[in-house]
Structure formats: structure tokens, C-alpha cells
Amino acid sequence: MSEQPPLRRMIKDVQTLKVFTHPLRISLLRMLHAGGPATASMLAKRVDATPALVSYHVRTLAAHGFVIEDPEHAEDGRERWWKVVEDLTFSLGDFAEDRVGRDLSTGIVRVLGSQSEDRYRRFLDEVESWGPEWAGAAFSGAPTLRLTADELRELGEELQELVARYRDRQTPGAEHVEVYLRGFPYRM
């Protein structure tokens, strides 16, 4: 039986947003989301940190309700297993009038973008090990469009709807795939 996908939670307050000012918390949450339940020791090996440091950050995520203990995985009661309860999302627009919120949200987006770029570079460095099927399926692009703010919002909503259709699939042979979509105005 497959686990239920995480609920979606829209972050609209600065205090909740502050939880993600540490890049390690973002990484830990992503690992728990993608890899399923894990202990702090397991996560620590993946991020090359001490179990104590990872445990602190996982407990911080738990204190804000982003992860919960998963007693189903604990065999002897001594290990604490953690799992994701919610997918998190936020809009830069929700913090446009709040300087602290704006600085926090843009900082978090920068960390997310940097981490995504690191994963993509790793894929490119290891593309041969994925084989021709995966190499041929991977895509990237940066089309330039001329849109109004309303059209950009509409495009973003349509892309999110498309991604949602694929989100909860459990197809045999599937791998974790990151789709990083960006849409933003720029001036030449």
C-alpha cells in the first residue's frame, strides 16, 4: 500500500518562513519528501553532518509541523523516524509589503535555485551513468515570452496544474525527477 502524498501548505507568515532560512533545513525537508521516512543519523550521512546537528534541525521542522515522527518505522523505540506531512509553497507577492518577509522569501528562493542548479550540474556530470533513455528524456530550456503580469500568473497556474497531474504517480521504474520552473520578468 502506498503512502498518501503530503498535503499542500501555503506559507503566508514571516514566522513560519523563518524556519527555512537555514539551507540545511531545506535540504532535509527535500530528502524526507523525496526519499521517505528516515532517522537523523540516516539523513546526517547524506548531508555529511553530525547526527546531533541534523536532529536539531529536524526537531525544529517538527516544532513547526513540517515533519512528524513516524513510529511505524521504529523497530526498537530508540530510533526516531521522521516523515514529511506537507508540501510547502509560498508566493513572493504575499511578502511584497513586508521588508523582512520579502528579504526572507527572496533569500529562500535563492537557496532553492542554487541547490537545484547543484543537482542539475551533478546530473550533467553523471549523465553517462543514467544511460541514453534518461539522458534523452531530460530536458531544459529557457524560452523568452512577452507577457503581462496577469498572463505570467496564468502561465504559472497552468504549469502547476500540469505538474500536479504527474505528482502522485507510482510507476514502476520511476526515479525522482526535479522540474524547476521559473517565470520572471527582466529588462534588456
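Screening the candidates 181, 145 for the property of being open to solvent by 100 Å² or more (accessible area, probe 1.4 Å), assigned to a loop (DSSP other than H, G, I, E, B) and within 23 Å of residue 106 (Cβ to Cβ) yields one hit, 145.
Looking across 54, 85, 100, one residue alone is surrounded by 14 or more Cβ atoms within 10 Å (Cβ to Cβ) and at pLDDT 90 or above. It is 54. The single condition from (1) free of Cβ contacts under 8 Å to residues at least 12 places away in the same chain; (2) touching a Lys or Arg at 6+ places or on another chain (Cβ under 8 Å) that residue 130 fails is (2). For residue 128, the stated conditions hold: it is over 22 Å from the mean Cα position of the chain (by Cα), of a type in the set (D, E, K, R) and not in a loop (DSSP other than H, G, I, E, B). Taking first residues from region 95-109 that are within 14 Å of residue 19 (Cβ to Cβ) and partners that are among the polar types (S, T, N, Q) and loosely packed, with under 14 Cβ neighbours inside 10 Å, the Cβ contacts under 8 Å between residues at least 6 apart in sequence or on separate chains come to 104/21; 107/21; 108/21. On inspection, residue 160 qualifies as modelled with pLDDT under 90 and part of a helix (DSSP H, G or I). Residues that are part of a loop (DSSP other than H, G, I, E, B) and of a type in the set (Val, Ile, Thr) were ranked within region 163-178; the one that is least open to solvent (accessible area, probe 1.4 Å) is 171.
Can we say residue 88 is part of a strand (DSSP E or B) and either polar (S, T, N, Q) or within 30 Å of residue 184 (Cβ to Cβ) (or both)? Yes. For residue 153, the stated conditions do not hold, so it cannot be described as free of Cβ contacts under 8 Å to residues at least 40 places away in the same chain, closer than 19 Å to residue 178 by Cα and either touching a Phe, Trp or Tyr at 6+ places or on another chain (Cβ under 6 Å) or not acidic (Asp, Glu) (or both).
The values are calculated or read from the model by the stated rules, or taken from the named source; none is laboratory data. For clarity, every value in this text was computed on a predicted model and none was experimentally measured. Methodologically, a virtual Cβ is constructed for each residue, glycine included, from the backbone with ideal geometry; neighbour enumeration extends over all protein chains shown. Ligands, DNA and RNA are stripped out before the accessible areas are found, and what is left, the full protein with its side chains, is counted by its heavy atoms. Shrake-Rupley method; radii C 1.70, N 1.55, O 1.52, S 1.80 Å.
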